[in-house]
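Following: one structure in structure tokens, then a few remarks.
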Amino acid sequence: MRYERKVHEYLAQLAGPAYLPSQWFRFGVAGEARWCQTDGLILDARKGLATILEIKYQHTPDAWFQLRELYEPVVRFCLGNHWDLRLVEVVKWYDPTTFFPERIAMCADPLSPPSGRVGVHIWAP
């Protein structure tokens, strides 16, 4: 939790008011209301770019499932097709031998996330 709090501070300084930490979304599955909460969301209206961020202490396949299987479809539905949606896992520790369901792209700057792949941004204060 301490690492996540520091990442929120880092992203808020980096993106300013475009950064939305811990954003809640309500959605329906089979007529039942459900909720999910992204760790972070950066909305750059000028570029039409929405970046969903998942914060993990170390690189893990759990991030892929949360980003691709939950947050991406929910956020895409909420924002519509007018936004270019990107996905980034922010980690303190990255082990390239860790299983991940797709090929990642290293992301030096979370404000410039890769297109078409999950980006991994290493931030170790």
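The values are calculated or read from the model by the stated rules, or taken from the named source; none is laboratory data. Keep in mind it's a predicted model, so treat the numbers as computed, not measured. With ideal geometry, Cβ positions are generated from the backbone for all residues, glycine too; neighbour counts draw on all protein chains shown.
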Segment 48-95 - residue that is part of a loop (DSSP other than H, G, I, E, B) and either modelled with pLDDT under 95 or among the hydroxyl-bearing types (Ser, Thr, Tyr) (or both) and, of those, nearest to the chain's Cα centre (by Cα): THR60
Filter result (over 21 Å from CYS107 (Cα atoms) and either acidic (Asp, Glu) or surrounded by 18 or more Cβ atoms within 10 Å (Cβ to Cβ) (or both)) within segment 24-51: GLU32
Residue list for segment 99-125, filter: out of contact with any Pro (no Cβ under 7 Å at 6 or more places or on another chain) and either part of a strand (DSSP E or B) or polar (S, T, N, Q) (or both): MET106, SER112, SER115, VAL118, VAL120, ILE122
Residue list for segment 81-110, filter: under 18 Å from GLU69 (Cβ atoms) and aliphatic (A, V, I, L, M): LEU85, LEU87, VAL88, ILE104
Failed item, numbered, when GLU54 is tested on (1) among the acidic types (Asp, Glu); (2) in contact with a Phe, Trp or Tyr (Cβ under 8 Å, 6 or more places away or on another chain); (3) surrounded by fewer than 12 Cβ atoms within 10 Å (Cβ to Cβ): (3)
Count - residues of segment 1-23 that are assigned to a strand (DSSP E or B) and loosely packed, with under 14 Cβ neighbours inside 10 Å: 0
Where a residue in segment 63-74 is under 23 Å from ASP95 (Cβ atoms) and its partner, wherever it lies, is basic (Lys, Arg) and buried (at least 20 other Cβ atoms within 10 Å of the Cβ), with Cβ under 7 Å and at least six apart: ALA63/LYS56
Tally, over segment 29-47, of residues that are out of contact with any strand residue (DSSP E or B) (no Cβ under 7 Å at 6 or more places or on another chain), in a strand (DSSP E or B) and not charged (D, E, K, R): 1
